[in-house]
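Enquirer: Sharing a structure with you now.
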Amino acid sequence: MSATGTDTGQHVIVVGAGIAGLAAAHRLLQRGARVTVLEASDRVGGKLLPGEIAGVRVDLGAESMLARRPEAVALAREAGLADRLQPPATATASLWTRGALRPMPKGHVMGVPGTAEALSGVLSDEGLARVERDAGLPRTEVGDDVAVGEYVAARVGREVVDRLVEPLLGGVYAGDAYRISMRSAVPQLFQAARTHTSLTEAVREIQRRAAAAQQTGPVFMGIQGGVGCLPLAVAASVEARGGEIHTRVPVTALRRDPVRGWRVTAGERELWADAVVVAVPAPAAAALLDAASPEAAAELRTVEYASMALVTLAYRRADTALPDGSGFLVPPVDGHTIKASTFASQKWGWIADENPDTVVLRTSVGRHGETRILDKDDADLVAVSRHDLREATGLTASPLETGVTRWTDGLPQYPVGHHARVARIREHLAGLPGIAVCGAAYDGVGIPACIASADAAVDQLGGDLSTVARLMADPVQSLHGGAGE
């Protein structure tokens, strides 16, 4: 394999069959490598999980993918899902704040407004006045990085952070806006803040650029049958191209031999590969890289994770009258338990079309450092979800069926300095030929970002494997000049 796709027939082992690992395998096969994917669990897909409730097909993990980035939609098409791609039936969402469901303000970037008028009805009069003062404030330096909440609060007040930024970021990272890195989590805002004194003007500039670039069309995309179908389709494509995927095969060690390449220990088996893609969460990656790169492993062990749970509820349509829209977000400052609810049957037209007599809702609970709620059993999580849904929407009916899906340590956290940590990890690994990492722990937690990280890992291996091929052709050089040995 090379960066140009030349077939060398070299063997690459991908550790992990989440969407990043599967995307890497898919791309490697396109470039002519032999590929083996090893997955410790009993299924592929990671946080993308299709399921069923009351006979309705649903997602029990991530349910949509950003369409303004090309990677996820492109991979879905390559995997044969082009005719099943569907945008949301409605893009209208609400905030449950100050005792009512209020329309999600328009004209913001991750909750940061371009004007105070955009937040009328969400902020207090004092909060609106604080936003107006942004234009007259002196520059707030962002330096090499800054917490989103810290910077936004300094410019437009804590109320914007607590009632808008926090619920939006919480929906993506399940984290704390006052800890999350602006450079890593909202990079376009970070870049604009470096060149604008006024934050609101920076937001307006981002919006102008988006308009000039004609970024039209849906922001998000789904898949008929659920986004959980994506990894299954990619896995089928990998196997159709001759790749091997093995589940229930935990990898326990990686060691590099300067002549034979990488020795991969999987249970009682030892496999050899010219290169390895490590596509597992940071703690597992750290354990695998301990021997080959203890420095990279030490950095990976500093990555924190948040846990969360999704509660899925099915109701008779005749018993259910929901507000319009796709659902609502919940600012934690209001003291409610759930952090969001999705009206799945209203958001996705295919669910409503397939199940005209049933309505499906989802709620999510749990944020970084918030363990007490997740210690409750499933029945309690359903009960608190029903309580909050009743308070927010007036829904009093009894569900036909409920389910709880727990994602323990499911979301990596991006604190201030995350970009520098990722750079150090990659720098430590750069001296080792034939090894690359990818996944949500590095450059973004969304599906397109994970796929992009897989593509980058494959690009990196393209050069590495060309070097490996030359070394294998010259055993003397291989023995005495192997990088990282």
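Enquirer: Relative contact order of region 94-212: what whole-number percent is it, with Cα pairs under 8 angstrom and at least 6 residues apart?
Expert: Relative contact order of region 94-212: 28 percent.
Enquirer: Can you give the angle from 0 to 90° between the axis of helix 447-473 and the longest principal axis of the chain, with both taken from C-alpha atoms, to the nearest 10?
Expert: Result, in degrees: 10.
Enquirer: Now a separate question. Considering amide H positions built from the backbone, and no H for Pro or chain starts, which residues 5 or more places from VAL14, or on another chain, come under 5 Å of its amide H?
Expert: Here THR36, VAL37, LEU38, VAL277 satisfy the definition.
Enquirer: If each DSSP helix of 4+ residues adds -39,500 (n - 2.57) and the sum is divided by the residues in the chain, what number results at 222 nm, nearest 500 deg cm²/dmol? Write out the running numbers ahead of the final one.
Expert: Values: 17 runs with 172 residues, N = 485.
After summing the helix terms and dividing by the residues of the chain, the value is -10500 deg cm²/dmol.
Enquirer: Continuing with the same structure: If the cut-off is 21 Å between C-alpha atoms, which lysines fall inside it for LYS106, apart from same-chain ones fewer than 8 positions away?
Expert: Here the lysines satisfying the reach criterion relative to LYS106 are LYS339, LYS347.
Enquirer: Give the calculated FRET efficiency between ALA318 and THR115 to the nearest 0.05, with a Förster radius of 60 Å applied to their Cβ-Cβ distance. Please list the in-between numbers first.
Expert: Working: r = 43 Å, r/R0 = 0.71.
FRET efficiency, ALA318 to THR115: 0.90.
Enquirer: Enter the angle in degrees (range 0 to 90, nearest 10) between the Cα long axis of helix 418-430 and the first principal axis of the Cα atoms of the chain, meaning the one along which they spread out most.
Expert: Taking the Cα atoms of the chain, the angle to 418-430 is about 10 degrees.
Bear in mind these aren't lab numbers, they're just calculated from the coordinates by the rules spelled out. Please read all numbers here as calculations on a predicted model, not as lab measurements. Note that we place each Cβ from the backbone using ideal geometry, even for glycine, and neighbour counts take in every protein chain shown.
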